1. Restricting to the stretch 50-86, give me the number of residues that are open to solvent by less than 80 Å² (accessible area, probe 1.4 Å) and part of a loop (DSSP other than H, G, I, E, B).
2. Could you list all residues from the stretch 28-39 that are out of contact with any strand residue (DSSP E or B) (no Cβ under 6 Å at 6 or more places or on another chain) and either open to solvent by 80 Å² or more (accessible area, probe 1.4 Å) or among the hydrophobic types (A, V, I, L, M, F, W, C) (or both)?
3. Exactly one condition in (1) at pLDDT 90 or above; (2) in a strand (DSSP E or B); (3) not polar (S, T, N, Q) is false for LEU17; which is it?
4. Output the residues belonging to the stretch 42-58 that are of a type in the set (A, V, I, L, M, F, W, C) and at pLDDT 90 or above.
Amino acid sequence: MIINDIAHELYAQSSHLLVDVTSARKLTDAVRAELKRTLLAATNARRVELAEHVDPTLLGGLVARTPDAELDASVRTKLKQLASLA
């Protein structure tokens, strides 16, 4: 919680966005660059820094967490959403 508060304050004071990214496989340079471009466009950040982690249980896709939001584009979550419709 303290780290999240520090990350939030860093973003608020310097527009430096720290993003925790968990993906099913190691990010390619192209995916990394596209994710940074997307985050820069979606926020007022001047700089985006990714902390990358691999979690094969996601099956595919990624989860990106900022101090204020979460983007869950994982296959695991999509499958759970589909299962809940049945």
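1. Adding up the residues that qualify gives 5.
2. ASP29, ALA30, VAL31, ALA33, GLU34, LEU35, ARG37 - these are the residues of the stretch 28-39 that are out of contact with any strand residue (DSSP E or B) (no Cβ under 6 Å at 6 or more places or on another chain) and either open to solvent by 80 Å² or more (accessible area, probe 1.4 Å) or among the hydrophobic types (A, V, I, L, M, F, W, C) (or both).
3. Unmet condition: (1).
4. VAL48, LEU50, ALA51, VAL54
The values are calculated or read from the model by the stated rules, or taken from the named source; none is laboratory data. Predicted model only: the values in this text are computed from it and were never measured. Because the Cβ atoms are built from the backbone with ideal geometry, glycine has one as well, and the counts that use them run over all protein chains shown. Ligands, DNA and RNA are excluded from the accessible area calculation, which covers all protein heavy atoms including side chains. Shrake-Rupley method; radii C 1.70, N 1.55, O 1.52, S 1.80 Å.
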